[in-house]
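The values are calculated or read from the model by the stated rules, or taken from the named source; none is laboratory data. What you see is a predicted model, and the numbers here were worked out from it, not measured in a lab. Cβ coordinates were reconstructed from backbone atoms using ideal geometry, including for glycine residues, and neighbour counts include every protein chain displayed. Ligands, DNA and RNA are excluded from the accessible area calculation, which covers all protein heavy atoms including side chains. Shrake-Rupley method; radii C 1.70, N 1.55, O 1.52, S 1.80 Å.
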Amino acid sequence: MPIRVVIADDFDAVRRTLRGLLKPADDIELIGEAADYAETLRLVSELHPDVLVMDLHMPVPHRMTAADIGRAIAQSPCRIIAISVWVDELAQEIAQSLDAVARLDKSEMPRTLLPAIRSAAASNTNVHRARDTG
């Protein structure tokens, strides 16, 4: 069974790059793409991905905080891989608040993304069992 992945980034060029990195991987299935946090929350809730690859610096919707988003996503059994252009303290804090299993620098994703997704999925085998029985 392939690893089911949702990607979330507010820049189309980044989503296009992520699609290109995932396409040759036979063991990974891209099941959804989001351009903002609201769409990310909807897709995670509806599609139940194994792994969410999410930009840490997307605009936050009106009347919503990053902590609200983190709590909402935390309700899902998916593993989060946080991606960011900036390697800074704020990115690290956001990734920790989301309980991300990995934080990747976008410039290194061609080398690090697929291994991170596979590792994240392997660390959460209950996701597969819950989906198979539900």
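With a point put 7 Å past each Cα toward its Cβ, work out how far D36 is from A74 in nm, to one decimal.
If labels sit at D36 and A74, their model points lie 2.5 nm apart.
With a 1.4 Å probe and all protein chains kept in place, how do K23, K106 rank by accessible area, largest first? Could you put the intermediate results ahead of the total?
Details: K23 175, K106 35 Å².
Highest to lowest solvent-accessible surface, that is K23, K106.
Counting Lys and Arg as +1 and Asp and Glu as -1, what is the net charge of the other residues whose Cβ lies under 11 Å from the Cβ of A120?
+1
Between S45 and V85, what is the label-point separation in nm under the 7 Å Cα-to-beta-carbon projection?
So the label points at V85 and S45 sit 3.0 nm apart.
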